[in-house]
Amino acid sequence: MAGFKDLTVYKKAFELANAIFLLSKRFPPEEKYSLIDQIRRSSRSIAAQLAEGYRKKRYPLHFVAKMTDADAENSETQVWLDHAVASGYVTTEDIEAITALSEEVGRMLGDMIENPGKYGAKDDRHR
């Protein structure tokens, strides 16, 4: 099985974090230690949690826990996007593609959570 960098979900999560970085450059300076830090941190954490969890696939419960953490970070990122729109920093149209990418990543993570064996996690339930 390939490494985590070969996973489509990792590539899309990494792409999402980069898109968020570029978008957040448009936020006002007063958001530097607030919204900008939060949205960059949560979006980058998606791929990081995925990488950590993939390395723990030998332990299926750890794998699922990390994928769940990645999914939670993805949801948090969506909330920060909503705040950016509500604050008038960007429009709904500005975040349309990013939101679609985030939703796609969420679906992929959901599949990993529900079907860890498909992704190389060992199934210890039958020992």
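The values are calculated or read from the model by the stated rules, or taken from the named source; none is laboratory data. Nothing here was measured: the structure is a model prediction, and the numbers come from that model. Cβ coordinates were reconstructed from backbone atoms using ideal geometry, including for glycine residues, and neighbour counts include every protein chain displayed.
Brief remarks on what is shown
- Odd one out for Tyr89 among (1) modelled with pLDDT of 95 or more; (2) part of a helix (DSSP H, G or I): (2)
- Subset of the range 20-65 (residues that are basic (Lys, Arg) and over 16 Å from Val90 (Cα atoms)): Arg41, Arg44, Arg55, Lys56, Lys57, Arg58
- Complete set of residues in the range 69-86 that are buried (at least 16 other Cβ atoms within 10 Å of the Cβ) and among the hydroxyl-bearing types (Ser, Thr, Tyr): Thr77
- Residue check for Leu81: part of a helix (DSSP H, G or I), at pLDDT 95 or above, within 12 Å of Ala13 (Cα to Cα) and not aromatic (Phe, Trp, Tyr): no
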